[in-house]
Amino acid sequence: MTRVTVRSDEFPLDTDLMSVGQLERRRRLTTAVVEMLAEMPSDRIQMKEVSERSGVALGTLYRYFPTKQQLLAAAMTAWSGLESARRPEESRTGGEESNAYERVLALHRREMKAFERRPHFARLEIELHSSSDQFVIESLDQRAAAHRRMLFELMDGIPAETARVAAVAMGGTMLTALALWTSGRIGFAEAQRNVEDVIGLVLR
């Protein structure tokens, strides 16, 4: 059996430098993890099983993602992108909602509903926020920046500083709510209510 040696300070391959074939293999890896997270918690996911499910050789997997945590972070980014694509266009343009409060509330309800359907993703989200891996941190930062841009679009008309503080308050509350819910300290209904109360406080 070939032993794969992994250095924890290595970064995944840069997607900007990948060929079309490499990007497709990377996509198959993250897709496999997304599918597995729908079935089991992240601590039960094994790199060998990801390799088998994706059809990507184990050695290639480790070249793309030197650590499991990096692979999980990339999978969460892929899942977040899929969830954003599934949201109705009105969540980005305003749709029928008449004001910033209603638009942001609708967005967060869809996001919380996605986590309710996939609790393993919610638990992984909390786990990733405690990581010291630089790639994981950068992945979280990139996702947070994309989410802020979406929020600012929905808060069109709100003063910039108010929108900035609102985004910070809502993001922190949602993360705390997910942490309390996934640890069993509160129920999902209370977690969702906590987020909605803060949205109402900062935007109504």
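Largest accessible area first, the residues 108, 120 order themselves as 120, 108 under a 1.4 Å probe with ligands, DNA and RNA left out. A helix-only calculation puts the chain at -23000 deg cm²/dmol for mean residue ellipticity at 222 nm, using -39500 (n - 2.57) for each DSSP H run of at least four residues, averaged over all residues. Heavy atoms of the protein chains alone define the surface here; on that basis region 121-204 has 53 Å² accessible area per residue at 1.4 Å probe size. Taken about its Cα centre, the chain carries a charge dipole of roughly 520 debye when the Cβ of each Lys and Arg holds +1 and the Cβ of each Asp and Glu holds -1. From the Cα gyration tensor of region 95-200, with a ≥ b ≥ c the square roots of its eigenvalues, which class applies: rounded if a/c is under 1.5, or else prolate if a/b is larger than b/c, or else oblate? In terms of gyration-tensor shape, oblate.
For region 12-59, a crude dipole built from +1 on the beta carbon of Lys and Arg and -1 on the beta carbon of Asp and Glu, taken about the Cα centre, is about 100 debye to the nearest 20.
Once the Cα-Cα distance is subtracted from the 0.36 nm per residue extended length, the residue 27 to residue 40 segment shows a gain of 2.7 nm. Here the relative contact order of the chain, from alpha carbon pairs under 8 Å that lie six or more residues apart, stands at 21 percent. Of the DSSP H helices in the chain, those that are both long (alpha-carbon extent of 20 Å or more along the helix axis) and hydrophobic (Kyte-Doolittle mean at least 1.0) are 160-182.
Per the 1.4 Å probe, what fraction of the accessible area of the chain, in percent, lies on carbon and sulfur atoms? For the chain, the apolar C and S fraction of the accessible surface comes to 50 percent.
Take residue 98: with every protein chain present and a 1.4 Å probe, its accessible area is about 90 Å². Extension gain for the segment residue 160 to residue 185, taken as residue separation times 0.36 nm less the Cα-Cα distance, is 5.5 nm to one decimal.
The values are calculated or read from the model by the stated rules, or taken from the named source; none is laboratory data. Here the structure is a predicted model, which is why all the values come from computation and not from measurement. Cβ coordinates were reconstructed from backbone atoms using ideal geometry, including for glycine residues, and neighbour counts include every protein chain displayed. Side chains included, ligands, DNA and RNA excluded: accessible areas come from the protein's heavy atoms. Shrake-Rupley method; radii C 1.70, N 1.55, O 1.52, S 1.80 Å.
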